[in-house]
Structures are given as C-alpha cells and as structure tokens.
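Have a look at the structure below before the remarks.
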Amino acid sequence: MDIQEIIQPENLVYERTQCLTDATLSYCPGCGHGVIHRLTMEVIEEMGIQQDTLGVASVGCSVLAYDFMNIDMTQAPHGRATAVATGIKRCWPNKFVFTYQGDGDLAAIGTAETIHTCNRGENLLIIFVNNGIYGMTGGQMAPTTLPGMKSSTSPYGRDVELMGNPINITDMVSRLPGTYFATRQSVHKPGNVRKTKKALRMAFENQKLNKGTSIVEIVSNCNSGWKMTPAESNKWMEEHMFPFYPLGDMKVNGEMVEKK
Amino acid sequence: MGELKLMKGNEAVAEAAIRAGADAYFGYPITPQSEVMEYLALQQPHKRTGMVLLQAESEIAAINMVYGAASTGKRAMTSSSSPGISLKQEGISYLAGAELPCLILNVVRGGPGLGTIQPSQADYFQSTKGGGHGDYHLIVLAPSSVQEMADFAKLGFELAEKYRNPAMILSDGVIGQMMEKVELFEQQPRKSEFNEDWMLTGKTADRKKRVVTSLDLEPTKMEKHNLALIEKYRAMEENEVRYEEIACEDAEYIMVAYGSSARICQKTVQMAREDGIKVGLLRPITLFPFPKKRIAELANRVKGFLSVEMSSGQMVEDVKLAVNGKTKVEHYGRMGGMIHSPEQVLCGLNEFLVD
C-alpha cells in the first residue's frame, strides 16, 4: 500500500475544526500559539457554542488571532483585553467571552485590568500565554522573563537587582475571591496538550455556570525570541521555565489547591 | 411638555442617558463630574431599564469597557474630566479607528497636569483635533445649559450611531455643577435589534465571522481606511454643523464663544449695545464640525471677531482659519479655573477689537 492509497477521506481520523479559518498561521514554526488556538477552538466546537462566543485578541504575537479563529472577535488596546471583555460580558451575560493574551499584555501593561477583572469575578475566561518574552516586538524583556534570562533589553541576562523580579501573576490572581479557576499548563508534549484542552473545557463550563473568572495560563516557548531551535526551546522551557512557573492547578471550583 | 426638574448638569446628562436608552455606563470618579455616576448609582438603572452601570478601576479600563460594549452594537457611554479624559485618549483613538459609536462626556477643569478642579475650556484642541494618536475626529457637542446637557446626551448617541463614530459632549465645571430647570424627554426603549453587519453578536452558520479592529498591517488598506474616515468627517461637516446666533443681524463685531463662556458673552452683548457698540454672538454648538462656513460669510461684513474662551486661545485658531485673513480676529479669556465676567469680556472687546 503506498501513501496515496492511505491519504483518502475515509481514512481521516483528525481534521481542522470548523472554528478555525483556513488562513495560514503567522506564528513562527515551533511556536505554541497554533496548538493553543486549535485547542480553544476545538473546545468551542465540541460545546457547540460558536455562535455564542465572542473573543478578544490582545496586542502581541496573537494580535491577529481573529484571522485564525472563526468566531466574532474584537482586538483590544495593549493590556486592556479584560476590560474590553468585561464591557462585552456585562452587556451580554449569556455569551461566552474569552481573552487571549501574552505575558507582556496581561502581566505588565495590563496588570491592573487583570487583577480587577479577576477580583470582580467577571464571568469570563482569560487565556494567558506565558513565554517570558515580548515576541512580537523582537524579544525584549517581559514581566515574566526569568532571572538571568537573556533578552534584547537584558542582553547580559535579567539582573534582578537592576531590573526587578519576574512576576507570577496567575498565582497572585488565584488568591482573589472572584477567581474561580486558575491553572497553569503547557502544550509541548501530547500529554500536556490533553491536559490543556481539559483545562480550557473546564473554564468554558465554569462560564456556562456563571462561576466567575477562569484563568488558564499556558507556559509556552518562543524559539525565535529565545534564539533556539524549537526542540531546544522546549527542553529549555522544561529545565528553566517550569521550576519558576510550575505546572498544575492553583485553584479549582473556587478552592485553592493544596501544594504537596 | 415633558417632565420639569431642577437638576445639576451632571445629573441631567445621567438622567438623559437612561432615558435615551443607554445600555451601559462605565466610569471612574473625578471632580467635577462625579455626580454623573453617583446619580446613576442612586437611580439603579438596571432596575429602570436594564442599563449596565459599572465603576471601573481606572479611566483607562472604563473607556475600554465602552469599546467592548460598543463592539457588540450596544449604546455605551463614559464620563470624566480633563486628566481622566487624557487617560482615555488611547481608547478613544481605538474607538474612532474601529468606527465604534459611543458617548463620552468631558466636564472640563483647568490644566495642564492635575491643574485645578475649577471650570475651564482648555481641552478644545484635545477634543476637536483628535486627542489621541492618528488621523481622526470626534463629533463634539458643546452644551451651554443644563437643558442642553440632557438634550445632547440623546443627540450624542444618535449622531454617534449615524456616523459610527465616538461623540463627545464637551462641557465644563460650570455647566456640570450648576442647577437649572430642565425639561426631560420621555423614556425611550433600549435597542432591541443588533443586526448591522459590523456588530459582534456571535458567528452563526449563515454568515462570516465579524471582526472589530483598528489594525491593518497592509498600508494600502490602511490608507483606504483613512480616506473612508475623512469622507465621513466631510459628511459631518456637510450635514451636522449646529450653531446659534444672537444679535448678529446688524453686528459690526462678533464674539465667538461656546458653553459657559457663551452665556457670559450674552450679557456682554447687552452691555456693549447699551454702550452703542454693535456686537453679536455666534455660539458654536458643534465644535467639530465647526461652523466655519458661517464664520467665513460673516467675515465679509463685520469689522472683527473676538473668540472668548476660558483658555489661552484655542478655538481662536479655528476662527482665524475660517476668517482666512478677511478681517481681524482676537482672543480674550481667563485660564486655570478662573471665569471671566461679562465686564471683563467687554473690556477685552474694547481693548482688542473696537476702534
């Protein structure tokens, strides 16, 4: 049997969700955004909520998320995605609303919006992609850049004495009363992809039940910004990012998860 | 006749917003406009009409909540005063770029910086020339009474939706704080249909997804977008210019003043005429679009214009552009929260203009 005989419609086991457009992704090869987009859209398709979902793209690499996600979307000013989402959700409490933000957007310029949206318990989902760097603008130091980590504005490594410490914002907001679900995942291995999808599904289900704010952080690689091959960047992420940003649930069903 | 009430300007605009069928108000406290949100909070608009009221964590968050609500076709507004309006400018630029209708109230106080909480008209440039980054204009309405504060809330929403453009009520601390009789219009229903082809309502199987954005990385497309915006501003200039003339028929000199300054100048007109000086008053009601055609016509027959503003002279530049050298144009005004008296305006008139 040659390959042409195998590539037949009846042998299809996996296809693009209709909640993604057929536009070519603008992300660098090896980047996690594509997988995260897909998982989010798969969950929306599986729940049958495409016509009830409104998304908010932010500023950063994912600014053009609305080109790829086949749902109604708007694009927020830098850092303001959760405020824009609040405006939508307050007017349309029965719609599903999510933001899609990077670490520069959510944890630096948008810190106030992030905290107050969670603290009010806005019934929406924040998808937070943390790669420890400003990818879109060419690899500058982010609020989440690790100590000693090199970037174009910390070319000798992040010196915390001079530049301050990285911020673990998901951990911070998990402690706010309005936050119902806070988790940190990754998409660099199949098992992690499945866990991330499960987390996104739980977040949308929470929203259906009007439970408050869900934040799903996904620690992801930026092979271009980190100046590594995709494989190297995933290894580096496991060795350096995960110790500082440990994977797992922080708050589930409104209860803090006990750390072992 | 509608219901008569004695109200502050800030209260009147809040009441009128509910009656105009507003869907949402997002704000942040700042003097001298905090009564807007306080009045709404007391009224519990969610019980009266279902209108959303939310006190945001900042002016920045508030204008972005407006952006979110407006992107779905909802009738949303915010209010603030000068320093807070400066904070909103990024969001206002995005609203203009994404062509979203909304209403913004600025109850102007003296600046620059934290300035003072007293009235001023020093935000004219910011309001009429754009304010944030990029080429854009707001529709700018300048009320000179509590009645107009109420009426312009409704008109502002209507014009914003007609042109898919943010509208601003450019008021000041005098108009916001003073109490006057106001005749309130009847309660209008809130919008029930959201079927315009740009409104985010959720992608259904029978249509393509919709995107509300101000971004286009392709410069040829962005230029087209800019040209379309300019087209819209020209249409506003063609159709929406509003102004009032007082004693201009035989006037040899004309004062141009808006808002509270125009009220002061009405008294100056009386006093000057008692002194035998033929003075009239042109009160722009829309500051953008500006009544430049009318001023250009009047410039053919009057000896001069005096722009009277509580600023160092901002609108005077637009008067000069409209007059285009045909006659003399001067400015008089106090600043920093000081309000000129009719007598002071008369002195200014005599000093700068009357031979």
Residues in region B:331-355 that are modelled with pLDDT under 95 and crowded, with 17+ Cβ neighbours inside 10 Å: how many?
2
Mind counting the residues in region A:43-63 that are surrounded by fewer than 24 Cβ atoms within 10 Å (Cβ to Cβ), at the interface with another protein chain (Cβ under 10 Å from one of its Cβ atoms) and in contact (Cβ under 8 Å) with a residue 40 or more places away in the chain?
4
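Any idea how many residues of region A:104-125 are within 15 Å of residue A:206 (Cβ to Cβ) and not β-branched (Val, Ile, Thr)?
Going through region A:104-125, the residues within 15 Å of residue A:206 (Cβ to Cβ) turn out to be A:117-118, A:121-125.
Right, trim to not β-branched (Val, Ile, Thr) and you get A:118, A:121-125.
Number satisfying all stated conditions: 6.
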How many of the residues making up region A:152-191 are surrounded by 17 or more Cβ atoms within 10 Å (Cβ to Cβ) and within 17 Å of residue A:31 (Cα to Cα)?
4
Is there a residue being buried (at least 17 other Cβ atoms within 10 Å of the Cβ) and over 23 Å from residue B:15 (Cβ atoms) anywhere in region B:142-163?
yes
I'd like the full set of residues that are of a type outside the set (S, T, N, Q), in contact with a helix residue (DSSP H, G or I) (Cβ under 6 Å, 6 or more places away or on another chain) and closer than 23 Å to residue B:69 by Cβ, limited to region A:41-68.
A:44, A:54, A:56, A:57, A:59
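In region A:112-127, is there at least one residue being among the acidic types (Asp, Glu), within 11 Å of another protein chain (Cβ to nearest Cβ) and more than 20 Å from residue A:18 (Cβ to Cβ)? Step through it out loud before you land on a result.
Step one: filter region A:112-127 for residues among the acidic types (Asp, Glu), giving A:113, A:122.
Filter once more, so that each one left must be within 11 Å of another protein chain (Cβ to nearest Cβ): A:113, A:122.
From what is left, the residues that are more than 20 Å from residue A:18 (Cβ to Cβ) are A:113, A:122.
For region A:112-127, residues among the acidic types (Asp, Glu), within 11 Å of another protein chain (Cβ to nearest Cβ) and more than 20 Å from residue A:18 (Cβ to Cβ): present.
Which members of region B:270-320 meet the condition of being among the acidic types (Asp, Glu) and in contact with a Leu (Cβ under 9 Å, 6 or more places away or on another chain)? Show your work before the answer.
Step one: list which residues in region B:270-320 are among the acidic types (Asp, Glu), which gives B:274-275, B:297, B:309, B:317-318.
Within region B:270-320, B:275, B:318 qualify.
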Residue within region B:8-25 that is in the same structural domain as residue B:169 (by TED's automatic domain parsing), over 17 Å from residue B:157 (Cα atoms) and either modelled with pLDDT under 95 or not in a helix (DSSP H, G or I) (or both) present:
yes
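Would you check if residue A:203 is surrounded by fewer than 18 Cβ atoms within 10 Å (Cβ to Cβ) and in a helix (DSSP H, G or I)?
On the way: surrounded by fewer than 18 Cβ atoms within 10 Å (Cβ to Cβ): no; in a helix (DSSP H, G or I): yes.
No; evaluated as a whole, the condition is false for this residue.
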Residue in region A:16-39 that is away from chain B (no Cβ under 14 Å) and among the charged types (D, E, K, R) present
yes
Where in region A:23-133 are there helices (runs of 4 or more DSSP H), lying wholly inside it, with at least 3 residues that are among the β-branched types (Val, Ile, Thr)?
A:33-47, A:81-91, A:111-120
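Determine whether region A:103-111 contains at least one residue that is farther than 24 Å from residue B:217 by Cβ, surrounded by fewer than 24 Cβ atoms within 10 Å (Cβ to Cβ) and more than 10 Å from chain B (Cβ to nearest Cβ). Show your work before the answer.
In the first step, residues of region A:103-111 are kept if they are farther than 24 Å from residue B:217 by Cβ; the result is A:107, A:111.
Next cut, surrounded by fewer than 24 Cβ atoms within 10 Å (Cβ to Cβ) only: A:111.
Narrowing the set further to residues that are more than 10 Å from chain B (Cβ to nearest Cβ) leaves A:111.
Taking every residue of region A:103-111 in turn, at least one turns out to be farther than 24 Å from residue B:217 by Cβ, surrounded by fewer than 24 Cβ atoms within 10 Å (Cβ to Cβ) and more than 10 Å from chain B (Cβ to nearest Cβ).
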So the check is Cβ under 6 Å with 6+ separation or different chains; which pairs have a first residue in region B:24-38 that's free of Cβ contacts under 8 Å to residues at least 60 places away in the same chain and a second one that's surrounded by fewer than 23 Cβ atoms within 10 Å (Cβ to Cβ) and of a type in the set (S, T, N, Q)?
B:28/B:58
So residue B:283 ticks every box in (1) of a type in the set (Lys, Arg); (2) assigned to a strand (DSSP E or B); (3) over 19 Å from residue B:123 (Cβ atoms) but one. Which box is left unticked?
(3)
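Restricting to region B:36-55, name every residue that is more than 7 Å from every other protein chain (Cβ to nearest Cβ) and crowded, with 16+ Cβ neighbours inside 10 Å.
Here is the first cut: in region B:36-55, the ones more than 7 Å from every other protein chain (Cβ to nearest Cβ) are B:36-51, B:53, B:55.
Passing the criteria: B:36, B:37, B:39, B:40, B:43, B:45, B:49, B:51, B:53.
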Verdict on residue B:110 being modelled with pLDDT of 95 or more and away from chain A (no Cβ under 14 Å)
yes
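Could you look through region B:75-90, keep only residues that are within 22 Å of residue B:215 (Cβ to Cβ) and touching a residue at least 40 places away in the same chain (Cβ under 8 Å), and pick out the one that is surrounded by the most Cβ atoms within 10 Å (Cβ to Cβ)? Steps first, answer last, please.
Pass one, region B:75-90, residues within 22 Å of residue B:215 (Cβ to Cβ): B:76, B:87-90.
Narrowing the set further to residues that are touching a residue at least 40 places away in the same chain (Cβ under 8 Å) leaves B:76, B:89-90.
Working: B:76: 33, B:89: 17, B:90: 19.
This residue is B:76.
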Quick check on this structure: which one of A:66, A:100 is touching a strand residue (DSSP E or B) at 6+ places or on another chain (Cβ under 9 Å) and more than 9 Å from chain B (Cβ to nearest Cβ)?
A:100
Unique match (being touching a helix residue (DSSP H, G or I) at 6+ places or on another chain (Cβ under 9 Å) and over 24 Å from residue A:59 (Cβ atoms)) among A:231, A:142, A:203
A:231
Filtered residue count, region A:69-87, keeping only those that are surrounded by fewer than 24 Cβ atoms within 10 Å (Cβ to Cβ) and more than 8 Å from every other protein chain (Cβ to nearest Cβ):
1
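The values are calculated or read from the model by the stated rules, or taken from the named source; none is laboratory data. Since the model is a prediction, treat every value here as computed from it, not as a measurement. Backbone-built Cβ (ideal geometry, glycine too); neighbour counts: all protein chains shown.
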